[in-house]
Structures are given as C-alpha cells and as structure tokens.
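Data first, discussion second: the structure below is written as structure tokens.
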Amino acid sequence: MAERRGPRLALVVEDLPTSREWLQELLAEAFPDIRVHAVETLEQGRLALASINPELALVDLGLPDGSGVDLIEQARREGRHCKCVVTTIYADDAHLFPALRAGAAGYLLKDQPAARLVAQLQRIHGGEPPLSPVIARRLLRMFEPDAAQQAAEQLSPRETETLLLIAKGYRLNEVADSMGVTRNTAAGYIKNVYRKLEISSRAEAALAASRMGLVRLDL
C-alpha cells in the first residue's frame, strides 16, 4: 500500500472568529504544508465544498444559518473525497449520532488542550478516525461484550476481514487490493458490514472493530 500523506487543502466552517482562527492554527501545526480556507456559515461552507474541493473539513454543528450536519450529508451525498470532522462543544448523543450517521469521519471536542487536538487530527494521516476520548468511550459503550460477540457472529470471515481493513483506514481500492477482489465485491462486503452492525461511518466501524478485539484504539 502506498505511503499516506497528510491533507493538503482543508476547509474550516466555524462562525466564531476566535475559534475559526484557532482551528486554522491547529491545522497548520498538525499538517505544516496544508492550505486552509475558512468560512463562517453553512451556505458559505456549501459553496466552498463545491468550489475548492477540500480533502478535510472541520465543521462546527451550530452555525448561524443551519447545522453542520447538513454540510456533512452533502459531502457524502455528492461522493466527495473529503473527510468531515466535527469540531464542537457538544458531547451529547443528540449531536453525536446524527453527525456520525451523516458521515462524519471524526468528532472532536473544542475544550481539549491544543496539543491533544493536533495529535488527534494527525491520526487522519494513518487513516484512523479522530475522536475525543470521551466520545470514543461513549461510542464503545454501544458495543458491550455480549453485543460485540453477537455482532461478530453475524459477519462472515470475509466481512470480518473487511471490517478490520476499514478500521485500519483502508479505502475501497485498498480493501479490494488487499483481499484480492474487485471494487464491486469489496463495496458489497462493506455494505454488508455496515448493514449487519447497523453503522454508517468509518468512525463507528473502527470502534466496532475495537470492541470486537480486531484492533486497538488509543483512547
């Protein structure tokens, strides 16, 4: 598998000027070569998503003209190769799960130390979902031991292998190459895994794999 590189172009969608500037500084520290385009509303975010085609987007949920979840849904619906990471103050289920269902690739709380946020953002380079520890623990509670065992029993050996690769950050082409199957076959395995585990994002897949003992996540 080719060596991964960090994102080169990022979008920040944040309405508070101080937070917007701070997030830009975090990105510059995490990825020294990155270029950052910052906007303050959902509508501006929609336009930027289409015009600059970023590889990474840091998205606040509470925007003046709507929810950042709508932007995340748009990125997934349009098939854009953009990892949308929520950056928010909200750690409750009412905000977390809609964002993950929309396709968020990570969920970071803005009340963490800057150094920790930088380290979590850098996980993207290795294909890992950037998650604040409190969020990761909340998600892991969804997969109690009995539930994790039942979930594991639902998956075929090839589907379990697929889950492991997704949890490691493999993209569709990489999953297909690693398993020696076509893209369509690999896509079918991924669809089955998501359906059987009732998940809809790579972040949830990584946590499910961790609870099933397939991978270890550093919380």
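Side notes on the structure shown:
- Comparing Leu155, Val175, Tyr194 along the charge dipole axis of the stretch 143-211, the residue lying farthest to the positive side is Val175, per the Cβ-charge model.
- The orientation-averaged projection of the convex hull spanning the C-alpha atoms of the stretch 1-121 amounts to 7.4 square nanometres.
- Proximal lysines to Lys110, defined as alpha-carbon separation beneath 23 angstrom and excluding residues fewer than eight positions away on the same chain: Lys83
- Helical contribution to [θ] at 222 nm, DSSP H n ≥ 4, -39,500 (n - 2.57), averaged over the chain, rounded to 500: -16000 deg cm²/dmol
- Antiparallel bridges, percent of DSSP beta bridges restricted to the stretch 9-139 (to nearest 5): 10 percent
- Chymotrypsin sites (Phe, Trp or Tyr not before Pro) lying in DSSP loop within the stretch 153-219, provided at most 10 other Cβ fall within 10 Å: none
- Per-selection Rg to Rh, the chain - Cα, Kirkwood hydrodynamic radius: 0.96
- For the stretch 24-98, averaging the sequence separation of C-alpha pairs within contact (under 8 Å, six or more residues apart) and dividing by the residue count gives a relative contact order of 28 percent.
- Contact order, relative form, for the chain: 17 percent (alpha carbon pairs under 8 Å, 6 or more residues apart, mean separation divided by residue count).
Bear in mind these aren't lab numbers, they're just calculated from the coordinates by the rules spelled out. Here the structure is a predicted model, which means the values were calculated and not measured. Positions of Cβ are generated from backbone atoms using ideal geometry, with glycine treated the same way; all protein chains shown enter the neighbour counts.
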